[in-house]
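Please read the structure below before turning to the comments.
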Amino acid sequence: MSEFLYMGGYAAFVWPSYALTLVIVVLNVIWARRSLARARADARRRLLRGGATP
Amino acid sequence: MAWTWFHRLASPPHVYALASRLTPWFAWAAAALIVAGLYGGLVLAPPDYQQGDDFRIIYVHAPSAWMSLMVYVTMAVAAAVGLIWRMKVAHAAAASCAAIGASFTIAALATGSLWGRKMWGTYWEWDPRLVSELILLFLFLGYMALRSAIDDLQRADRASALLAVVGVVNVPIIHYSVLWWNSLHQAPSVMKLGKPEMPAAMLVPLLIMLAAFTLLFVYLLLVRLRGEILRRERTASWIREALADE
C-alpha cells in the first residue's frame, strides 16, 4: 500500500494531479446542479407571482 | 421528414423533457467508467519504462485536455446554430458550456504543469501547445465575461456566440501545435492515424477515461441546459407542467 502511495518517487506530482482533477469534476457536478436548482426556484417564483401563462 | 429531429431539438419543452430523462443514464455511466479508468490507470497499468509512475498523470491530463477542446467545439457549433437559425435552445446549450470548459482547461494546464516539472524540468514554458491552451482558457473566460456584461439575454446570446465562433480557429492550432512547431510537448499518441504507440494495458484505461469524461460532459451539459432553458422561457405554460411533474 505504501509503495502504491509512493508512486515510484513521483507521489508529489501524481497525487496532486489526481486530487485537482477530482475536485474540478466534483465542483462541476455541484455547480451544474445548483444552476438548475436556482433556475427552477426562479421559474416557480415567477409562476406564483404572475400566474404568468400566456 | 429527415429534418424532424432537428425541428424537435428546436423545441424547448421537448429538449427539457429529453434532458431530464437522459441525465441519470449519463451520470451513472460516467461515474462507473471513471472508477474503472482510475483503477486501470493507477493499479493495472505498468509503470512507463522511461517515466516510471509519473506517466500516470496522463489518465487525468489527457481526458481534461480532450474535454477542454470537446467543450469548446460544442460551444462554437451550438453558437453558430443559434446565430444562423436563431434557435433559442442552441444559444442555451452554448451558454451551458463555458464554465465547464474553463474549469477543465485549468485542470489540463495544471496537471500538465505537474507532469512537466519532472519530465521537462519546468512547471511552465512559453511553448506553442501550452500557450494555445492558455488562449483557450482566456476564450472561455472572455465568453463568460462578455455574457455577464450584457443584461439583455438575447443580445448576450448573439454577442457571445460571435466570440465563440471566431475563437474556434484556436482549436486546430492547439491540436497541430505539436506538429507545426518545435514543441516540448509530445506528439499525439492516441488521436492519430494508424496504431497508437502504447501497449494495451496503458491504452485501455486511457480510452476508458476519455469515454468517461465525454459522458461526464454530456451529463453536465444536460443539467445546465435545463436551467438555461427555464431562464429563457419566461412565460411558457409548459414550464408549469414541467415543474409540477418534478
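Since every read-out is calculated from the coordinates, none of them should be taken as a lab result. It should be emphasised that the depicted structure is a prediction, and the values quoted were computed from it without experimental measurement. So basically every Cβ, Gly included, is an ideal-geometry build from the backbone, and we count neighbours across all protein chains shown.
So, with +1 on the Cβ of K and R and -1 on the Cβ of D and E, and no other charges, what is the size of the charge dipole of segment B:1-129 about its Cα centre, to the nearest 20 debye?
Working: 8 positive and 5 negative charges, 117 e Å.
Its charge dipole is roughly 560 debye.
So if R0 is 30 Å, what FRET efficiency would residue A:38 and residue B:25 give, r being the distance between their Cβ atoms, rounded to the nearest 0.05? Intermediate results must be reported in sequence, preceding the final value.
Working: r = 24 Å, r/R0 = 0.80.
Efficiency computed from Cβ-Cβ geometry: 0.80.
Tell me the volume per residue, in Å³, of the convex hull enclosing the alpha carbons of segment B:127-230.
Working: hull volume 12.7 nm³, N = 104.
So the per-residue Cα hull volume is 122 Å³.
From the residues B:39, B:24, B:59, which one has its Cα farthest along the dipole of segment B:16-126 in the positive direction, the dipole being from +1 and -1 charges on Cβ of Lys/Arg and Asp/Glu about the Cα centre?
It is B:24.
State, as an integer percentage, the relative contact order of segment B:1-159 based on alpha-carbon contacts under 8 Å between residues 6 or more apart. Mind showing how you got there, number by number?
Working: 120 pairs, mean separation 31.6, N = 159.
20 percent.
Mind putting together the pair-distance distribution for chain A? All Cα pairs, 10 Å bins, whole percent per bin, short to long.
Percent of Cα pairs in each bin: 20, 23, 18, 15, 11, 8, 3.
For segment B:63-102, what percent of Cα pairs sit more than 17 Å apart?
Values: 199 of 780 pairs.
Roughly 26 percent, rounded to a whole number.
Tell me, rounded to the nearest percent, the portion of alpha carbon pairs in the protein assembly as shown spaced more than 27 Å apart. Each step should come with its number before you reach the end.
Working: 20740 of 44850 pairs.
The answer is 46 percent, as a whole percent.
Measure off 7 Å from each Cα along the Cα-to-Cβ vector at residue B:166 and residue A:3, then give the distance between these two points in nanometres to one decimal.
5.7
Might you report the magnitude of the Cβ-based charge dipole of chain B about its Cα centre, with Lys and Arg at +1 and Asp and Glu at -1, to the nearest 20 debye?
Numbers: 19 positive and 15 negative charges, 115 e Å.
The dipole of chain B has a size of about 560 debye.
For residue B:182, project a label point 7 Å along Cα to C-beta. Then give me every residue of segment B:102-146 with its amide nitrogen under 15 Å of that point.
The answer is B:126-129.
Can you tell me the convex hull volume per residue for segment B:1-118, based on C-alpha atoms, in Å³ to the nearest whole number?
Values: hull volume 16.0 nm³, N = 118.
In segment B:1-118, the Cα hull volume divided by residue count equals 135 Å³.
With axes computed from alpha carbons, what is the tilt in degrees of helix A:11-50 against the longest principal axis of chain A, rounded to the nearest 10 within 0 to 90?
Around 10 degrees separate the two axes.
Do the sum for chain A: with -39,500 (n - 2.57) for every DSSP H run of n ≥ 4, divided by all residues, what is the mean residue ellipticity at 222 nm, to the nearest 500 deg cm²/dmol? Walk me through the intermediate numbers first.
On the way: 2 runs with 45 residues, N = 54.
-29000 deg cm²/dmol, from helical runs alone.
What is the distance in Å between the Cα centroid of segment A:1-53 and that of segment B:32-50?
23
For chain B, what is the convex hull volume of its Cα atoms per residue in Å³?
Working: hull volume 36.2 nm³, N = 246.
Spread over its residues, the Cα hull of chain B gives 147 Å³ apiece.
Assigning unit charges at the beta carbon (Lys, Arg +1; Asp, Glu -1) and nothing else, what dipole magnitude in debye, to the nearest 20, does the protein assembly as shown show about its Cα centre?
Details: 27 positive and 17 negative charges, 278 e Å.
Around 1340 debye, computed over the protein assembly as shown.
Under the rule of -39500 (n - 2.57) per DSSP H run of 4 or more residues, summed and divided by the residues of chain B, what mean residue ellipticity at 222 nm is obtained, to the nearest 500 deg cm²/dmol? Spell out each step's value before the answer.
Details: 9 runs with 184 residues, N = 246.
Roughly -26000 deg cm²/dmol at 222 nm, from the helical runs in chain B.
Starting from the Cα-Cα distance between residue B:159 and residue B:18, subtract it from 0.36 nm times their residue separation and give me the gain in nm to one decimal. Walk me through the intermediate numbers first.
On the way: separation 141, 0.36 × 141 = 50.76 nm, distance 2.79 nm.
Separation in residues times 0.36 nm, less the Cα-Cα distance, equals 48.0 nm.
Going toward the positive end of the dipole of the protein assembly as shown, with +1 on Lys and Arg Cβ and -1 on Asp and Glu Cβ, which of A:4, B:68, B:184 do you reach last?
The residue sitting farthest along the positive end of the dipole is B:68.
Using the basic label-point model (7 angstrom from Cα toward the beta carbon), what is the residue B:149 to residue B:117 distance in nanometres?
3.6
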